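Okay, structure first, notes after.
The values are calculated or read from the model by the stated rules, or taken from the named source; none is laboratory data. If you're wondering where the values come from, they're calculated on a predicted model, not measured in any experiment. Methodologically, a virtual Cβ is constructed for each residue, glycine included, from the backbone with ideal geometry; neighbour enumeration extends over all protein chains shown. Only protein heavy atoms, including side chains, enter the accessible area calculation; ligands, DNA and RNA are left aside. Shrake-Rupley method; radii C 1.70, N 1.55, O 1.52, S 1.80 Å.
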Amino acid sequence: MIRMSGRVLMTTGVAGFVGAVGWWFLFFHQMLGDNVKQASECFYSTTLQCGVADAVGSVLDIPPYDPKLLWGAAAVSAVGFLLHAFAPE
């Protein structure tokens, strides 16, 4: 039962990571077009430039990207991995 919970958490974390990548790409692609790589630092942290982009981007169709989803997904995946790896069989 614990191992299955670990698998569910890992799957949920991966889905959250995929969602974070999609959200980041869609948000910054609206602002930067094909130069979206300029916002790569904004994927995992919120710098001053990312904050300015969020303020400017708040008028766009997609809500401003927040890296909390990425870090939350990583935490959920890590907990799931630990449960799966160390649970008794």
The chain: angle of helix 2-32 to the longest principal axis, Cα-based, in degrees nearest 10: 10
Regression test value, accessible area per residue of the chain, probe 1.4 Å, units Å², expected 66
Let me check I've understood the local charge: for Leu60, count other residues with C-beta under 15 angstrom from its C-beta, Lys and Arg +1, Asp and Glu -1. What total comes out? -3
If one takes the longest principal axis of the Cα atoms in the chain, at what angle in degrees, from 0 to 90 and to the nearest 10, does the Cα axis of helix 48-57 lie? 70
Taking all protein chains as present, what is the carbon and sulfur share of the accessible area of the chain, in % to the nearest whole number, probe 1.4 Å? 70
Length-normalised contact order of the chain in % [C-alpha pairs under 8 Å, at least 6 apart]: 56
What's the ranking of 66-72, 45-51 by average number of surrounding C-beta atoms within 10 Å, highest first? 66-72, 45-51
Any chance you could look up the accessible area of Ile62 with a 1.4 Å probe, heavy atoms only, rounded to 10 Å²? 40
Do any chymotrypsin sites (Phe, Trp or Tyr not before Pro) in the range 8-50 lie in a loop, going by DSSP, with at most 16 other beta-carbon atoms within 10 Å of their beta carbon, and if so which? Tyr44
Charges on Cβ only, +1 for Lys and Arg, -1 for Asp and Glu, centred on the Cα centroid of the chain; of Gly13, Met31, Ser58, which one is farthest towards the dipole's positive end? Gly13
